[in-house]
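Enquirer: One structure, as structure tokens, below. Some questions next.
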Amino acid sequence: MVDLESEVPPLPPRYRFRDLLLGDQGWQNDDRVQVEFYMNENTFKERLKLFFIKNQRSSLRIRLFNFSLKLLSCLLYIIRVLLEKPSQGNEWSHIFWVNRSLPLWGLQVSVALISLFETILLGYLSYKGNIWEQILRIPFILEIINAVPFIISIFWPTLRNLFVPVFLNCWLAKHALENMINDLHRAIQRTQSAMFNQVLILISTLLCLIFTCICGIQHLERIGKKLNLFDSLYFCIVTFSTVGFGDVTPETWSSKLFVVAMICVALVVLPIQFEQLAYLWMERQKSGGNYSRHRAQTEKHVVLCVSSLKIDLLMDFLNEFYAHPRLQDYYVVILCPTEMDVQVRRVLQIPMWSQRVIYLQGSALKDQDLLRAKMDNAEACFILSSRCEVDRTSSDHQTILRAWAVKDFAPNCPLYVQILKPENKFHIKFADHVVCEEEFKYAMLALNCICPATSTLITLLVHTSRGQEGQQSPEQWQKMYGRCSGNEVYHIVLEESTFFAEYEGKSFTYASFHAHKKFGVCLIGVRREDNKNILLNPGPRYIMNASDICFYINITKEENSAFKNQDQQRKSNVSKSFYHGPSRLPVHSIIASMGTVAIDLQDTSCRAASGPTLALPSEGTKELRRPSIAPVLEVADSSSIQTCDLLSDQSEDETTPDEETSSNLEYAKGYPPYSPYIGSSPTFCHLLQEKVPFCCLRLDKSCQHNYYEDAKAYGFKNKLIIVAAETAGNGLYNFIVPLRAYYRPKKELNPIVLLLDNPLDDLLRCGVTFAANMVVVDKESTMSAEEDYMADAKTIVNVQTLFRLFSSLSIITELTHPANMRFMQFRAKDCYSLALSKLEKKERERGSNLAFMFRLPFAAGRVFSISMLDTLLYQSFVKDYMISITRLLLGLDTIPGSGFLCSMKITEDDLWIRTYARLYQKLCSSTGDVPIGIYRTESQKLTTSESQISISVEEWEDTKDAKEPGHHRSIHRNSTSSDQSDHPLLRRKSMQWARRLSRKGPKHSGKTAEKITQQRLNLYRRSERQELAELVKNRMKHLGLSMVGYDEMNDHQSTLSYILINPSPDTRLELNDVVYLIRPDPLSYLPNSEPSRKNSICNATVQDSREETQL
């Protein structure tokens, strides 16, 4: 038997078990071949090429040495000319032979040998198979001309004095300089050097031309005038500058020919150089050049990244950014991929902006462009979306990529990002500040339905203004409105504040009321030092700490305010009687006079039995003294603070048992089970207990569950809110949630109808004739109009049609461009609108950023532009809390313990309070609410001359009935008093009547004829309005809809509305004033008893079933 052990080879050393399984070939070296890479670089030629050409730093040293040799050869030529004695006679031999000393000859021979050797070596290394290409190169030919004669003179001594045009080495020096600069830029990694190179080439070309001409003229005139170098320089400068004095001229034909040749060369070479330089300059102007590293390290700058820069966006950013004093020394670097617009270029040439704004054409996705903008050294980067794109999702995708690119390139640079769609927000959660356009847009539209003009309130709060708008106007409302528009939100630490330091250890409502009473500032929120969440009106149970950060509304921040004591202020008020009056505003950010605030604090008892209602006190009390208001306590008392327990709705207490049962079956309070997009804030709101089938959501179509086909058939108790939008996007969630918030009683919940298309029939079916509000959202499909401002054309015309058909309907519209707000509810011959247009132009000339604020639709909150909220993002650079406060006010974020924005209306029973300060005290002492402003509606007082067109037809008719003779009055009544449905030929009869009046015209005086002309025009207008009403009624009759409630003649033309933000304490309250409140969070209070809940102020709030909370 064969021994198996003898056939098994021994195990190699360090053999492992893994090698037994996988096989080990490491010790079997029979088939292994060692491969060496890049062997071609080990040859002698490749090593020389690496040293002389490829290696950046060594190549740069070789170029510098070559450049120095050429300059040395030119210098030796100048020395030879200066040392040479002038030759005698005019023989041609003086042109070919010169006097050259032996040392000078030795130096020139050495330079020639080195230069020729280097030239041959570089030609050999760059040889690529075509030797004639190397030989016929101009630098090689010049090198041969200048070096070979000196080398030959070594072996042939008689040629040592032969003339050699060594001055032509200046062109070789120019060539070496260009190569040296290229190597230098490669070595220091500088890429943007085209302009520098072109300027260098132009200067070096001009110097070489002048130097060649100087040396050539001097040498050729050795047989002529014997010119020295200075005379040759003088001649060349005079000739090339086209001055031509003629005192120095060449004599020989050779020198004249040389001058002609040099001028021809200059005329060919220099224009080409200038053209290339001009082209590069224009291209650099388009691209914007660079923001220098030295400036970035010594100055502060921010970067604005946009896809396309429009003049409106630029001016809004610059005006808002530089409105803050501490930002005056900042630079703004604009990074935009498109070429600069003509209007933008014109604006940036203004000295005010040209020194502080730098435009760079480039992409944020390229590191080279971010490096040009010095993004890593920037204080902040603002990335704005293009809202004019048809596909807004695509615009968001571009914004997201820009944000990612900036974060990757400069991780420490703060990012301020604007996004359009809420579903794209989670991609940029890393950004420091984010503003989602659709979130804010729909939230403001929703709050406009329950708190009138919330959009105007927020817009004025986030705009920087000094409150000087409208101060030159003769109308009082414009002065008050403009002055109060200067109020903004500021912050300060409690212990460092003069306003609030004395309220340490006291309740929030006590500090808010007394700060407003004493200083005229409105304390709206607070933040703990160890907490990042801001609390709006945390309520009377919140105790102020020294380290708290206080947020308040005022004309200016406390650091910019001056303070007067009470005696000085009273003297000032006595001397300036102009400020006495019911509506006096603060003179500056400092205080309104305490002496003018009529607040009676005699009765300080807590009246828990009657509750903190604002009704008038009993008759007995009223006979003895004026009504009194309980004081605001320093520390909250549970018996004095009676807030709403909104978890159990007040509306349930006031309903019948049957209604209560049905109500409990329908609604429940909780958080929405599903979120439409990632990043939406959960909100406690009213929910249906059972999910409604999708088929029941179609209002105009019946299904197996119900047979209703129009809004009237549903029998809604509250008026509708209609939303006309192009698509039902995710942002609509932020419209529904504020209208279903948990703190709104069930009786005040308005049905919401989403109208995706708005033909007249659909409008009538969805209940437009009895709707409380109609919200019109700007159409995305019209965003990319060829003319930017035409993007709102479709929305404006549709709203104007609604306004003409349903003049009593409250329409709230969102536009893209603020300038287009002047077309809302447009009346071409409205004298008051024309006067407001002139006022807007004057305010714009004075440099106001809020010139559009006096337009009646904007002041009343019927229209706003989401682009006006761009300033919110810009303000966040200085006030990093503004986005958080705005989101809390709009209900986009809910923080436990933070209050919410609501409103209340002043009725006749509430006028006993008299002033805003007493209202402030009443609210703080009873419910803990903090008022922040007033929405006031006034009658429009117009003085219309007889030649002007009346704004209101009804008012004109009342005046006419009182003044016209009985004959004409009876004619007019016969033609207009009856219903239009009974007289289908009304227009023809009215025109016949107008013609009869025109035939009688000559019998009347000029004044009477003018009245008749105005009467005829107004009658024509009235007939047109009746035709519109007839159209609506016919469509309703055709659709089988009831015409009850359709009021075709009701119009709001005779009223105007405006907002007073944080008015002075002694501002008089007026009937129907709507007061904006920040109400404490009801979930933070636990009601003590059922009677206290029933007697709370919320009992009064349920009485108004439309949109406000009454007192």
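The values are calculated or read from the model by the stated rules, or taken from the named source; none is laboratory data. Not measured: the values here are computed from a predicted model. Methodologically, a virtual Cβ is constructed for each residue, glycine included, from the backbone with ideal geometry; neighbour enumeration extends over all protein chains shown. The area values use the complete protein model at the heavy-atom level, side chains included, leaving out ligands, DNA and RNA. Shrake-Rupley method; radii C 1.70, N 1.55, O 1.52, S 1.80 Å.
Enquirer: What translational D, rounded to a whole number of µm²/s, comes out for segment 342-411 from Stokes-Einstein when the hydrodynamic radius is the Kirkwood one over Cα pairs, at 37 °C and 0.692 mPa s?
Expert: In µm²/s, the coefficient is 238.
Enquirer: Hey, any idea what Rg/Rh is for segment 742-839, computing Rh the Kirkwood way over Cα pairs?
Expert: 1.02
Enquirer: A follow-up question, please. In square angstrom, what is the accessible area per residue of segment 415-555 with a 1.4 angstrom probe?
Expert: 29 Å²
Enquirer: What percentage of the solvent-accessible surface of segment 433-540, computed with a 1.4 Å probe over protein heavy atoms, is contributed by carbon and sulfur atoms?
Expert: On segment 433-540, the fraction of accessible area on carbon and sulfur atoms equals 39 percent.
Enquirer: Here's another thing I want to ask about it. Take every Cα-Cα distance within segment 332-371, group them into 10 Å bins from 0 onward, and report for each bin the whole-number percent of pairs it holds.
Expert: Per 10 Å bin, starting at zero, the Cα-Cα P(r) for segment 332-371 comes out as 30, 50, 20, 1 percent.
Enquirer: Quote the relative contact order of segment 366-505 in percent (integer), defining contacts as alpha-carbon pairs under 8 Å separated by 6+ residues.
Expert: Normalised by residue count, the contact order of segment 366-505 is 15 percent.
Enquirer: Work out how far the C-alpha atoms of segment 44-174 reach from end to end along every principal axis, then list the three figures in whole Å, largest first.
Expert: 55, 28, 25
Enquirer: Here's something else I'd like to know. Taking a threshold of 31 Å on the Cα-Cα distance, which of the pairs Lys70/Lys374; Lys429/Lys794; Lys366/Lys421 fall above it?
Expert: Check vs 31 Å cut-off fails for Lys70/Lys374; Lys429/Lys794.
Enquirer: Same structure, new question: Work out, in µm²/s and without decimals, the Stokes-Einstein translational diffusion coefficient of segment 401-533 at 10 °C, 1.306 mPa s, Rh from Kirkwood over C-alpha pairs.
Expert: For the chosen part, D equals 85 µm²/s.
Enquirer: Then there is this: Sorted from largest down, what three extents in whole angstroms do the Cα atoms of segment 670-766 have along their principal axes?
Expert: Computed over the Cα atoms, the extents are 37, 28, 25 Å.
Enquirer: Oh, and also: Using modelled amide H (1.01 Å from N, peptide plane; none on Pro or chain starts), what sits under 5 Å from the amide H of Trp97, excluding residues fewer than 5 places away?
Expert: Phe163
Enquirer: Along the principal axes of its C-alpha atoms, what lengths does segment 256-394 span, in descending order and rounded to whole Å?
Expert: Per principal axis, max minus min of the Cα coordinates gives 68, 40, 29 Å.
Enquirer: Projecting each Cα onto the charge dipole of segment 403-544 (Lys/Arg +1, Asp/Glu -1 at the beta carbon, about the Cα centre), which of Ala501, Gln468, His514 comes out farthest on the positive side?
Expert: In segment 403-544, that residue is His514.
Enquirer: If the viscosity is 1.567 mPa s and the temperature 4 °C, what translational diffusion coefficient in µm²/s does Stokes-Einstein give for segment 291-348 when Rh comes from Kirkwood over Cα pairs?
Expert: Approximately 104 µm²/s, per Stokes-Einstein.
Enquirer: What full-extension length gain, to one decimal in nm, is calculated for Phe230 and Ile152 as 0.36 nm per residue of separation minus the Cα-Cα distance?
Expert: Between Phe230 and Ile152, full extension yields an extra 24.9 nm.
Enquirer: Then there's this: So what does log10 I(q)/I(0) come out to for segment 478-532 at q = 0.25 Å⁻¹, using the Debye formula with one equal point on every Cα and no solvent?
Expert: Debye intensities relative to I(0), on a log10 scale: -1.08.
Enquirer: Mind putting together the pair-distance distribution for segment 111-160? All Cα pairs, 5 Å bins, whole percent per bin, short to long.
Expert: With 5 Å bins starting at 0, P(r) equals 4, 21, 27, 21, 13, 9, 4, 1.
Enquirer: Here is a follow-up. Report the Cα centroid-to-centroid distance between segment 489-510 and segment 824-856 in angstrom, as an integer.
Expert: Rounded to whole Å, the Cα centres lie 39 Å apart.
Enquirer: Is any residue of segment 113-140 close enough, with backbone N under 19 Å, to a label point placed 7 angstrom from the Cα of Val268 along the Cα-Cβ axis, and if so, which?
Expert: Output list for this probe position: 136-140.
Enquirer: Another question about this same structure. From the Cα trace of segment 777-929, what convex hull volume per residue do you get, rounded to a whole Å³?
Expert: Output value, Cα hull per residue: 207 Å³.
Enquirer: Just how large is the dipole of segment 665-709 about the Cα centre, in debye to the nearest 20, putting +1 at every Lys and Arg Cβ and -1 at every Asp and Glu Cβ?
Expert: Computed charge dipole of segment 665-709: roughly 120 debye.
Enquirer: Also, quick follow-up: Of the peptides 818-829, 149-160, how do they stack up when ordered by the mean number of other Cβ atoms within 10 Å, highest first?
Expert: By packing density, highest mean first, the sequence is 818-829, 149-160.
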